[in-house]
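Only one structure is covered here, and it is reproduced in the block below.
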Amino acid sequence: MNKVPKKLAILVGGGPAPGINSVIGAATIRAALEGVEIIGIKDGFKWIMQGDISNTRELTIQNVSRIHFRGGSFIGISRANPTKNEKTLENTVTSLLRLNVDKLITIGGDDTAYSALKVNEMAAGRISVVHVPKTIDNDLDLPHGIPTFGFQTAKHIGVEVVMNLMVDAKTTSRWYFVISMGRKAGHLALGIGKATGATLTLIPEEFPGEEIRLKHIIDILVGAIIKRLSYGRTDGVAIIAEGLVERLNPNDLEQLIDIERDAHDNIRIAEVNFGEILKMKVQERLKKFNIKSTVVAKNIGYELRCADPIPYDMEYTRDLGFSAAQFILDGGSGAMVSIQGGRFVPLYFKNIIDPATNRTRVRMVEPSSESFYIARRYMLRLNQADFDDPHELAKLAATAGISVDEFKEKFYYVIENDLLYENIKSGNIKLISPESNVAHKPLGDIPADDANDIEHRISPE
């Protein structure tokens with residue numbers, strides 16, 4: 001009896017990211033040139049984890065040769081989680097075997113990486129599994145300086161959006177609170193904020209401890225608005241990472257208690273209208289100082305995820321797709337693909353698991369890095385220099401319509417994290433705690449979006 005040739009399957013999990021189609025195309029072409037039959041599993045794990053093997057699509061050189069120019073996913077996508085229980089995991093493996101698949105390429109973020117790991121374990125050598133890291137959040141545990149695919153395109157599109165909002169803000173004398181995607185990490189928000197020179201950016205990593213109080217976020221924003229007003233400016237743009245929601249004290253946001261969660265138990269942050277909550281709370285706080293400010297909340301994220309990839313991601317994802325196919329054709333399994341120094345390096349699942357959570361590690365922004373330090377220096381928000389300079393402090397208090405002592409009482413605490421920063425360039429770093437690995441330094445300002453205004457020069461230290 002002739003054996004039926006084995007197949008290579010490709011599936012995509014999680015949320016969209018620019019470059020998915022390029023990975024699918026590159027992997028398909030590489031495998032097809034070796035005579036391997038390739039199928040696309042439609043809608044991630046959604047159907048095969050139920051034992052349904054009818055939702056597949058043949059992948060050939062002819063039907064994938066130009067898909068790398070386009071965003072979205074040629075074979076669909078879903079957040080369905082096959083690791084929820086043993087049965088769905090068994091169904092997933094059994095479905096793949098019924099499809100005569102012995103090689104699987106998964107494309108996705110940290111949740112899909114974990115699903116790939118568990119499928120690889122359950123298959124026990126019957127199916128080789130390799131994962132291609134994809135997320136606009138840039139939070140997969142790749143070596144420093146190596147982005148996840150889709151991040152650069154998302155940042156590029158996000159910068160274009162924010163540039164327009166900055167012009168609108170100045171033209172109409174209003175503030176924009178731009179909520180940027182990033183479920184846990186602030187890479188995308190910080191990248192957009194730093195590239196555009198937005199007035200300020202807030203990311204979860206800059207707050208030590210497990211929980212963040214909503215009042216703290218509100219007072220940072222209010223302080224920035226007051227400081228901006230003290231310079232005669234009624235406009236500004238704040239980039240705010242949505243990941244702050246996951247760190248908020250539940251008592252501060254009652255909406256979080258009954259909030260919907262996805263199949264991987266992550267809060268559906270889109271269900272929390274974070275920008276509108278911040279807008280309302282900030283305006284309430286400003287009213288106490290007899291300050292009226294027009295604030296517009298704007299979410300960006302869905303506009304970025306299915307954008308056509310920029311050339312960087314097109315090229316990068318072709319490398320990733322080729323490497324994934326080559327690795328699995330050569331008999332490799334149980335690893336995530338990475339390109340380091342222009343070379344393919346497999347990152348084996350066993351080495352990227354966080355022992356504390358037993359899940360794939362998440363890469364966060366490192367607030368003790370010079371990259372964050374530089375970004376922070378260009379933001380216009382309250383800092384130690386404002387409280388050290390009697391003239392600046394008096395100006396801020398007068399803008400808020402309160403005494404200097406009252407201003408210090410109400411706002412000094414928002415810069416206490418900054419006080420923990422030592423001068424990074426001098427190497428004199430002081431850690432908050434051995435566990436946190438966060439360093440801080442007193443910070444001054446360069447005007448974020450008016451670098452030529454001489455009155456906004458960097459504050460003396």
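A few remarks follow.
- Hits in segment 113-151 - residues which are of a type in the set (A, V, I, L, M, F, W, C), within 20 Å of the chain's Cα centre (by Cα) and more than 16 Å from ILE20 (Cβ to Cβ): LEU142, ILE146
For (1) among the β-branched types (Val, Ile, Thr); (2) surrounded by 14 or more Cβ atoms within 10 Å (Cβ to Cβ); (3) within 21 Å of GLY191 (Cα to Cα), each residue gets a yes or a no:
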position	(1), (2), (3)
ARG305	no, yes, yes
ARG318	no, yes, no
GLN326	no, yes, no
GLY332	no, yes, no
ALA335	no, yes, no
PHE349	no, yes, no
ILE352	yes, yes, no
GLU370	no, no, yes
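- When ASP235, ASP168 are checked against the criterion of being more than 18 Å from the chain's Cα centre (by Cα), more than 14 Å from VAL282 (Cβ to Cβ) and buried (at least 20 other Cβ atoms within 10 Å of the Cβ), ASP235 stands alone in meeting it.
- Only one entry of GLU206, GLU242 meets the criterion of being farther than 18 Å from LEU304 by Cα and under 22 Å from the mean Cα position of the chain (by Cα), and that entry is GLU206.
- Failed criterion for VAL129 (all others in (1) under 19 Å from MET336 (Cβ atoms); (2) outside the structural domain of TYR316 (by TED's automatic domain parsing) hold): (2)
- Filtered residues of segment 192-238 (kept if polar (S, T, N, Q) and not in a helix (DSSP H, G or I)): THR199, THR201, THR234
- Being touching a Lys or Arg at 6+ places or on another chain (Cβ under 7 Å) and either surrounded by fewer than 24 Cβ atoms within 10 Å (Cβ to Cβ) or more than 17 Å from GLN326 (Cβ to Cβ) (or both) is a description that does not apply to ALA32.
- Any hit, segment 104-111, residues being within 23 Å of PRO311 (Cα to Cα) and either at pLDDT below 95 or surrounded by fewer than 23 Cβ atoms within 10 Å (Cβ to Cβ) (or both): yes
- Taken over segment 277-315, residues that are in a helix (DSSP H, G or I), basic (Lys, Arg) and without any contact (Cβ under 8 Å) to a residue 12 or more places away in the chain amount to 1.
- Scan of segment 98-135 for residues that are assigned to a loop (DSSP other than H, G, I, E, B) and under 25 Å from GLY71 (Cα atoms), ordered by number: GLY109, THR135
- The helices (runs of 4 or more DSSP H) located wholly in segment 316-410 that include 1 or more residues which are hydroxyl-bearing (Ser, Thr, Tyr) occupy 370-377, 390-400.
The values are calculated or read from the model by the stated rules, or taken from the named source; none is laboratory data. Since this is a predicted model, take the numbers as computed values, not measurements. Note: ideal-geometry Cβ built from the backbone for every residue, glycine included; neighbour counts use all protein chains shown.
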